[in-house]
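Chemist: Attaching a single structure in structure tokens format; questions to follow.
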Amino acid sequence: MNVFVPRALSIVLLCAAVLSGCAKSAVTGKALPLSAQDSLAQVSKDLYVKGSLAAAKGDYEEAVETFRKIPGPRIAAVSFSLSKAFVVLAKRDSARFYAEEAVALNPSNRFYRQLLAGIYFDMKRFSEAAGQFALLAEQESSNTRNLFYLAHAYLADEQFEKSLDTFSRILKLDPSNENAQAQALWLELKLKRYGAAIHSLEGIMETDGSNDKLRLTLGELYLQSGKPGKALEIFREIIREDASFAFAWVALFEVYIEQGEQDTFKKEMVRFFAVNEIPVSRKHEIVKLFMHRAEKDESYRRAVETMVNELVASRPGDPRSYVLRGISRRNLKQYEPARKDFRNALELDSGNLPAWEEMASSFMDEERYTDVVDAVVRARDNIGALSLRLDVLDGYALYRTGAYLRSVKVLERIDNEKEKKQPLWLLVQANITRAMAYDKLGRPSMSIGAYRDVLAIDPDNPLALNNLAYLYAERGENLDEAMVYAKQAVEADPDNPVFLDTLGWLYYKTGDYSKALEYIERALENDPDEAEIYEHLAEIYRVSGNPVKAKEYQEKAERLRGNSE
């Protein structure tokens, strides 16, 4: 007959077993009379039961208070219970203290050591956690769970060699463990042990069966280990079996480019664009990928030129092909050939928005601001409502041509909230240009509002921080706030003479002339031809009682302004 034992009763029975030998004197260590021993043992049992019941009910503060009342020397089980209670109460230092005490009192108890190891890990004391997990792994050498904990502790402590060795131990016990296989492979790659990584990956492929992604990874490993021939063999085999697997084409192209096999690359490129199973959009994505690489690596530029030419040749009636080639040429500062491609795209589709955007951007690159405005006007005539990018280009070009009011009217149409899904840099540029235009129109309060709009989008934008600080300095308001902004700007760009000048000017406005001189003289070192810096220095020397220096710097400022005019 099975008998149901209530939880509270099971705790009582456990406590009786745990505390049955705790009747020694806390002071002398000598045995107490039998009646005293029985009394002390009973008190300890009662308090432990009471504390355990409080913990079972979720009242951990009460549990801690009760456990601490247990008389006599600390018992490991009590320290363990205290540690668990403090873990729940998120008092990690106390939890660690009592877990360490429990382990010291009973080093062979694996539950105590597991708790201590987990607390160390949670406290990011990974080396100490690894030490405890290592001892647990020694106690139970066939327990892969402890080995996993140990491997992850080493990994968190950036002891990658030891972590890899531990995952290898796991695989000896459980060769088909997928988690350990993946972790070991990742570590072999991180440690650049490509030969071992190849062996590990081949083992995974034997266990789980080969697939294109695993074979692609294997090819990449052969490439990393200096065996491009083996890599090419794998990539070609994948493509023979499935020509639509775009990643294999990318890997194949990379090998040809890096090996300098331009002729073979061109032949394979023709084959690639002829594969109907690969969507046109995916082909465009791959072209963009290589264009991005060409911006950072000159060895890819010739290959990208071949790629975009073959793209246009394969799809001469697709305006997107011309736009992509135009962007590639624009990246190389080949502006006229780029605009020819944009015009070809627009002849095929006059409403092609990317073509209009790139056309206007190509003029902007050359600072041909009037042509930017003309391109935007033509875009509006053909497509009606403009994109955020065209509005930003238009507003900035108008500002640079001195048409400040027209610039403001264009940029005021932009709704920051509505456009939040757009690239943030566009919104930042729109609001900065609007702020500068307001400043030119003599509307400082509106300029302040625009800069605040910038900081709502990009709180660390150094230009907005500096310009807003300077506006406050000139108006003599919010100087404490302005000082914070100016310091942030200088911290972001410590050698920027404009930012240094603003911070120095704020120190002048707050009466700290020595600090003002320090920063504005640093600004002068970085930009010795800025009239405003000399004017600020002249003013500081004037109020500091040095009229000779003040006159010298004022005259220098006037000469610079005269030359500028």
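Chemist: Working only within the stretch 82-120, note down all residues that are touching an Asp or Glu at 6+ places or on another chain (Cβ under 7 Å) and surrounded by 20 or more Cβ atoms within 10 Å (Cβ to Cβ).
Modeler: Within the stretch 82-120, 116, 120 qualify.
Chemist: OK, next. Any chance you could count how many residues in the stretch 522-548 are part of a helix (DSSP H, G or I) and either touching a Ser or Thr at 6+ places or on another chain (Cβ under 6 Å) or surrounded by fewer than 15 Cβ atoms within 10 Å (Cβ to Cβ) (or both)?
Modeler: Residues flagged as part of a helix (DSSP H, G or I) and either touching a Ser or Thr at 6+ places or on another chain (Cβ under 6 Å) or surrounded by fewer than 15 Cβ atoms within 10 Å (Cβ to Cβ) (or both) within the stretch 522-548 amount to 4.
Chemist: How many of the residues in the stretch 239-250 are buried (at least 21 other Cβ atoms within 10 Å of the Cβ) and either over 10 Å from residue 275 (Cβ atoms) or modelled with pLDDT under 90 (or both)?
Modeler: Here the count works out to 1.
Chemist: Could you tell me which numbered condition residue 256 fails, if it satisfies all but one of (1) at pLDDT 90 or above; (2) in a loop (DSSP other than H, G, I, E, B)?
Modeler: (2)
Chemist: Filter the stretch 374-384 down to the residues that are among the aliphatic types (A, V, I, L, M) and surrounded by fewer than 23 Cβ atoms within 10 Å (Cβ to Cβ) and list them by number.
Modeler: Within the stretch 374-384, 377, 383 meet the criteria.
Chemist: Would you point out the residue of the stretch 401-415, among those that are surrounded by 14 or more Cβ atoms within 10 Å (Cβ to Cβ) and within 33 Å of the chain's Cα centre (by Cα), that is modelled with the lowest pLDDT?
Modeler: Looking at residues that are surrounded by 14 or more Cβ atoms within 10 Å (Cβ to Cβ) and within 33 Å of the chain's Cα centre (by Cα), I get 414.
Chemist: Farther than 17 Å from residue 303 by Cβ, of a type in the set (Gly, Ala, Ser) and assigned to a helix (DSSP H, G or I) - does that describe any residue in the stretch 233-243?
Modeler: Taking the stretch 233-243 and keeping what is farther than 17 Å from residue 303 by Cβ, we get 233-234, 236-243.
Next, from what is left, pick out any that are of a type in the set (Gly, Ala, Ser): 243.
Going one step further and asking which of them are assigned to a helix (DSSP H, G or I), we end up with none.
Looking through the stretch 233-243, none of the residues is farther than 17 Å from residue 303 by Cβ, of a type in the set (Gly, Ala, Ser) and assigned to a helix (DSSP H, G or I).
Chemist: Let me confirm something: among 213, 192, which residue is within 32 Å of the chain's Cα centre (by Cα), surrounded by fewer than 18 Cβ atoms within 10 Å (Cβ to Cβ), part of a loop (DSSP other than H, G, I, E, B) and not β-branched (Val, Ile, Thr)? Even if it seems obvious, please write down each step before you answer.
Modeler: On the way: 213 fails: part of a loop (DSSP other than H, G, I, E, B).
Just a single option satisfies the conditions, and that option is 192.
Chemist: If I ask for residues that are over 17 Å from residue 409 (Cβ atoms) and of a type outside the set (D, E, K, R), which ones from the stretch 380-394 would you list?
Modeler: Across the stretch 380-394, the qualifying residues are 382, 383, 384, 387.
Chemist: Right, another one. State which residue is farthest from residue 350 (Cα to Cα) when the search covers only the stretch 268-300 and only residues that are among the aromatic types (Phe, Trp, Tyr) and touching a residue at least 24 places away in the same chain (Cβ under 8 Å).
Modeler: Here the residue is 300.
Quick grid of which residues meet (1) touching a Pro at 6+ places or on another chain (Cβ under 8 Å); (2) among the basic types (Lys, Arg):
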{"position": "411", "(1), (2)": "no, no"}
{"position": "414", "(1), (2)": "no, no"}
{"position": "418", "(1), (2)": "no, yes"}
{"position": "426", "(1), (2)": "no, no"}
{"position": "453", "(1), (2)": "no, no"}
{"position": "467", "(1), (2)": "no, no"}
{"position": "474", "(1), (2)": "yes, no"}
{"position": "480", "(1), (2)": "no, no"}
{"position": "501", "(1), (2)": "no, no"}
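Chemist: Residues that are in contact (Cβ under 8 Å) with a residue 24 or more places away in the chain, under 22 Å from residue 424 (Cα atoms) and within 32 Å of the chain's Cα centre (by Cα), at least 3 per element: which helices (runs of 4 or more DSSP H) completely within the stretch 301-400 meet that?
Modeler: The qualifying helices (runs of 4 or more DSSP H) are 353-365, 388-400.
Chemist: Based on this model, can you work out whether residue 219 counts as surrounded by fewer than 15 Cβ atoms within 10 Å (Cβ to Cβ), at pLDDT 80 or above and either part of a loop (DSSP other than H, G, I, E, B) or within 30 Å of the chain's Cα centre (by Cα) (or both)? Write out each step before concluding.
Modeler: Values: surrounded by fewer than 15 Cβ atoms within 10 Å (Cβ to Cβ): no; at pLDDT 80 or above: yes; either part of a loop (DSSP other than H, G, I, E, B) or within 30 Å of the chain's Cα centre (by Cα) (or both): yes.
In short, no.
Chemist: Before we move on, is residue 387 polar (S, T, N, Q), farther than 20 Å from residue 459 by Cα, touching a helix residue (DSSP H, G or I) at 6+ places or on another chain (Cβ under 9 Å) and buried (at least 23 other Cβ atoms within 10 Å of the Cβ)?
Modeler: For residue 387, the condition - polar (S, T, N, Q), farther than 20 Å from residue 459 by Cα, touching a helix residue (DSSP H, G or I) at 6+ places or on another chain (Cβ under 9 Å) and buried (at least 23 other Cβ atoms within 10 Å of the Cβ) - is not met.
Chemist: Name the residue, out of 290, 235, that is among the hydrophobic types (A, V, I, L, M, F, W, C) and farther than 26 Å from residue 318 by Cα. First the steps, then the outcome.
Modeler: On the way: 290 fails: farther than 26 Å from residue 318 by Cα.
Exactly one residue qualifies, and that residue is 235.
Chemist: Suppose we filter 127, 79 for residues that are touching an Asp or Glu at 6+ places or on another chain (Cβ under 8 Å), closer than 30 Å to residue 164 by Cα and in a helix (DSSP H, G or I); which single one remains?
Modeler: Within the list 127, 79, the selection yields 127.
Chemist: Does the stretch 259-266 include one or more residues that are at pLDDT 85 or above, over 35 Å from the mean Cα position of the chain (by Cα) and more than 30 Å from residue 329 (Cα to Cα)?
Modeler: no
Chemist: Restricting to the stretch 490-513, and then to whatever is of a type in the set (Asp, Glu) and assigned to a loop (DSSP other than H, G, I, E, B), can you tell me which residue is farthest from residue 534 (Cα to Cα)?
Modeler: Ranking the candidates gives 493 first.
Chemist: Among the residues of the stretch 352-375, what is the count of those that are closer than 22 Å to residue 421 by Cβ and either out of contact with any Pro (no Cβ under 8 Å at 6 or more places or on another chain) or hydroxyl-bearing (Ser, Thr, Tyr) (or both)?
Modeler: Number of matching residues: 7.
The values are calculated or read from the model by the stated rules, or taken from the named source; none is laboratory data. Since this is a predicted model, take the numbers as computed values, not measurements. Note that we place each Cβ from the backbone using ideal geometry, even for glycine, and neighbour counts take in every protein chain shown.
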